[in-house]
């Protein structure tokens, strides 16, 4: 009887061991494959491309009382909105190479062109591309580095040198196209010292993420 009982206990121990080894909890498996993030793009086009485009071109033989405006199109051809920024470089004033009587250099001194201290510009952003400044919507750049929407902001070319207008357009949407206009004029008060003089002023346009500043 003891032998049978011992064998029975041994059998139960073996069965319990086998059962413990094969026991499993409920389970279920799902998968999440091909997870992906695609970066958007910011791409600013000037006059439809990425090459240098001069805005004030063909302006020769100008005199006191002359005025006008020229523009370049700016386009966000990227896939996400960006912040549009404008920067200017230094002004280079070039004296006339002539030696006639009008070259008296009474403003800038010998060898310095006077046109940049006399000619005036008013850079602005034409949001509806109608060539007319619309108060309350179009954006005028002031020579102190700020922007307003009230009216064009005229100042001499020299005073617009080495300035930066951050967030001139706070959010330029994908596919948005505007016109960057430069209105210009030579006041009737200008005298003969500007005859034959010229100036150059460079603009840089930047489209960046708003958080980049």
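Remarks
- Complete set of residues in the range 197-213 that are in a loop (DSSP other than H, G, I, E, B) and surrounded by 17 or more Cβ atoms within 10 Å (Cβ to Cβ): 197
- Tally, over the range 153-186, of residues that are at positive phi and in a strand (DSSP E or B): 1
- Restricting attention to the range 120-132, the residues that are touching a strand residue (DSSP E or B) at 6+ places or on another chain (Cβ under 6 Å) and in a loop (DSSP other than H, G, I, E, B) add up to 2.
- Some residue of the range 194-213 being free of Cβ contacts under 8 Å to residues at least 12 places away in the same chain and within 21 Å of the chain's Cα centre (by Cα): yes
- Out of 40, 58, sole residue that is modelled with pLDDT of 85 or more, part of a loop (DSSP other than H, G, I, E, B) and within 26 Å of residue 130 (Cβ to Cβ): 58
The values are calculated or read from the model by the stated rules, or taken from the named source; none is laboratory data. Because the structure is predicted, anything quoted here is derived from the model rather than measured. A quick note on method: Cβ atoms are made from the backbone with ideal geometry, for glycine too, and the neighbour counts reach across all protein chains shown.
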